[in-house]
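Read through the structure below, which is laid out as structure tokens, and then see the notes.
Every number in this text was worked out from the coordinates using simple rules, so none of it is lab data. Bear in mind that the values here come from a model prediction, so they are computed numbers and not experimental data. We place every Cβ from the backbone using ideal geometry, glycine too, and count neighbours over all the protein chains shown.
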Amino acid sequence: MFLIDCPYCKEARDQNEFSPAGEAFIARPKNPEQLSDDEWADYVFYRTNHKGDHWEQWVHTNGCRKYLLVKRSTISHEVIKVAAFGDVMSEDEL
């Protein structure tokens, strides 16, 4: 169990109030109608399953219901950084 600082509610809340919404920063294909079925399946279903520090999308389901970005270690579950969608981040923060 860990705490997530909701950037909208301005409170640290238990992870049970949030729902994971998948890997962050997945770029949608520019021309999806030109993708083969295999390429489309790769975009929709397959993720990196990264070991270590990783950006994820979460939604505050039992709070403000807004989506947020969480950088978290998949090894220790330590929350490293939390950001609201639209926050400007430098390359070294990503």
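Tabulated data
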{"quantity": "Pairwise Cα inverse-distance average, inverted: Kirkwood Rh of segment 1-73 (Å)", "calculated": "13.9"}
{"quantity": "Unit charges on C-beta of K, R, D, E only; dipole of the chain, Debye", "calculated": "340"}
{"quantity": "Top positive-direction residue, dipole computed over the chain with Cβ charges, set GLY63, LEU3, SER73", "calculated": "GLY63"}
{"quantity": "The chain: relative contact order in percent, alpha carbon pairs under 8 Å with at least 6 residues between", "calculated": "29"}
{"quantity": "Which of PHE45, PHE85 has the fewest Cβ neighbours within 10 Å, and the rest in rising order", "calculated": "PHE45, PHE85"}
